[in-house]
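Q: Structure below; questions to follow.
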Amino acid sequence: MKITVAGEQKEVKEGLTIAELIEQENVENPQYVSVSVNDAFAKSGDFATYRLKNGDTVEFLYFMGGGR
């Protein structure tokens with residue numbers, strides 16, 4: 001099946017989970033990443049069971065604190 005990851009179309013196995021995609025993509029600091037699928041945030045507790053579907057768009061987001 002085809003999905004878009006960070007703007008790049010990829011061919012992945014059918015039924016791939018978010019957790020598997022994070023591992024496959026070698027996401028740095030996976031414990032701190034937020035994931036959006038089709039512009040909706042997925043709960044981190046669901047990464048292992050959330051199965052991606054053909055045509056999904058996935059983005060990895062990191063929130064950074066800062067300021068004074």
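Each reported figure results from applying straightforward, stated rules to the coordinates on display, with no laboratory input. Bear in mind the structure is a predicted one, so any value in this text is a computation, not a measurement. Here the Cβ positions follow ideal geometry from the backbone for every residue, glycine too, while neighbour counts run over all protein chains shown.
Q: Out of all the residues in the range 43-68, which are farther than 18 Å from G7 by Cα and in contact (Cβ under 8 Å) with a residue 12 or more places away in the chain?
A: D46, F47, A48, T49, Y50, R51, F63
Q: Also, I was wondering about something else. Any idea which of (1) touching a residue at least 24 places away in the same chain (Cβ under 8 Å); (2) assigned to a loop (DSSP other than H, G, I, E, B) is the one I3 doesn't satisfy?
A: (2)
Q: Just one of (1) surrounded by 11 or more Cβ atoms within 10 Å (Cβ to Cβ); (2) on the phi < 0 side of the Ramachandran plot; (3) in contact (Cβ under 8 Å) with a residue 12 or more places away in the chain trips up E20, so point out which.
A: It is condition (3) that E20 fails.
This table checks each residue for (1) over 17 Å from M64 (Cβ atoms); (2) β-branched (V, I, T); (3) outside any strand (DSSP E or B).
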site: E14; (1), (2), (3): yes, no, yes
site: A19; (1), (2), (3): yes, no, yes
site: V27; (1), (2), (3): no, yes, yes
site: Q31; (1), (2), (3): no, no, yes
site: G45; (1), (2), (3): yes, no, yes
site: A48; (1), (2), (3): yes, no, yes
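Q: Right, here's the next one. Select, from N54, N38, the only residue that is exposed (fewer than 10 other Cβ atoms within 10 Å of the Cβ) and of a type outside the set (D, E).
A: Unique residue meeting the criteria: N54.
Q: Take V35 and decide whether it is touching a residue at least 24 places away in the same chain (Cβ under 8 Å), not in a loop (DSSP other than H, G, I, E, B) and not basic (K, R).
A: Judged against the criteria, V35 is a match.
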